[in-house]
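Below is one structure, written out as structure tokens; comments come after it.
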Amino acid sequence: MTATPTGASTLRGRLRGMDWRSWVVYLGFVGVFAYFAITIPQYFLTPSNLTNVFIQAAPIAIMAVGAVFVLAAGEIDLSIGSTVALTALVAAVTVQATDIWWLGAVTGLATGVLVGLVNGLFVTLVRLPSFLVTLAMMGLVTGVARQLTDLQSVPVTDAGFVWTFGGGNLLGIPTMIWWTVLITALGWHVLRQRRIGAHVLAVGNNSSAARVSGIRVTRVRLWVFMVSGASAALAALLYTGRLQGAKYTLGESDLMSVLAAVIVGGTSMNGGKGSIIGALVGALLMSMINNGLILAGLNVSQQMIVRGVIILVAVALSLRGKKNS
């Protein structure tokens, strides 16, 4: 006669079968929030500061959505930070020259998509590794951004642009937060509910099997790089609207934060697995850490050290999980 498993043994079995790596970002978020709330509550827990955490996380979260698709497809995009600078300057110059704010936005978005398209073409047609392609593109785009305005900042004072991208409020909530919610929801829907999302995960998991099953692998890879470029461009518009201007240094330190948010959020560097919600929480975690460290008196170098440690641990967990699966 076979013994019926008890409730305790069943629970233990379920706990052993759980992938705790997928919960790291949420546990880390709660832990970091609790730490700063206890140690510096008079600064950290104020409504204005918590709102500032969300606002600072907005561009990183939006870029992280695009990065989830790239990493889930088994590729990587190192050019997102430089794309931010170039698209911001293109948008600002267009607005300044035409006085048509929406044309500046469209031009900026088109520039980001174009950068992504070039990345994708080199990866798919020339068959170069995405790491090398986007590393080269990062240098190329940075040079173009510096040359475009001869290292000069470009102010943007158009009220429509500023309100729409970062400087306005809708129903008492900053527009940057609205953009973050919208892009996160859209990214989650596409990755989890649409066929292209399933194709992205299939390509990242096993591109040969995906090709045999009829998935157009080249088209999927091209698409994810264009999405990454578009997300970087939208983040650039939000930076420009919030700061009311563009400069070649915009986004230069964002790559590390984006990768940390995405990897800590549960997206595998080896492809086949991605989490949009995890990336959002990861972006909030990065913003909260930066905010808390500043309030605690740490300098920029120390913040970079903390982010580097987070990325190192997250990558180790990601790669270890892939080997054990």
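Structure notes:
- Taking 16 Å as the cut-off, the amide N atoms of segment 186-210 that come nearer than this to a point 7 Å along the Cα-to-beta-carbon line of L170 belong to 186-187.
- Extension gain, L50 back to A34 (0.36 nm per residue minus Cα-Cα distance, nm): 4.4 nm
- Modelled label reach - L135, point 7 Å along Cα→Cβ, segment 75-95 residues with backbone N closer than 15 Å: 76-80
- Added length on full extension, which subtracts the Cα-Cα distance from 0.36 nm per residue, V106 to A198: 30.2 nm
- Note: relative contact order over the chain, using C-alpha pairs below 8 Å and six or more positions apart, is 32 percent.
- Placed amide H near G245: partners under 5 Å, 5+ positions off or other chain: V156
- Cα gyration tensor category, rounded, prolate or oblate, for the chain with a/c compared to 1.5: oblate
- Computed from backbone phi, the HN-Hα couplings of segment 241-248 come to x, 5, 8, 6, x, 10, 8, 5 Hz, rounded to whole numbers (Karplus: 6.51 cos²θ - 1.76 cosθ + 1.60, θ = phi - 60°; Gly and Pro given as x).
- Computed from Cα atoms, the angle from the helix 276-295 axis to the main principal axis of the chain rounds to 70 degrees.
All of the numbers you see were taken from the coordinates with simple rules; none came from a lab. Everything quoted here is computed from the prediction, not taken from an experiment. With ideal geometry, Cβ positions are generated from the backbone for all residues, glycine too; neighbour counts draw on all protein chains shown.
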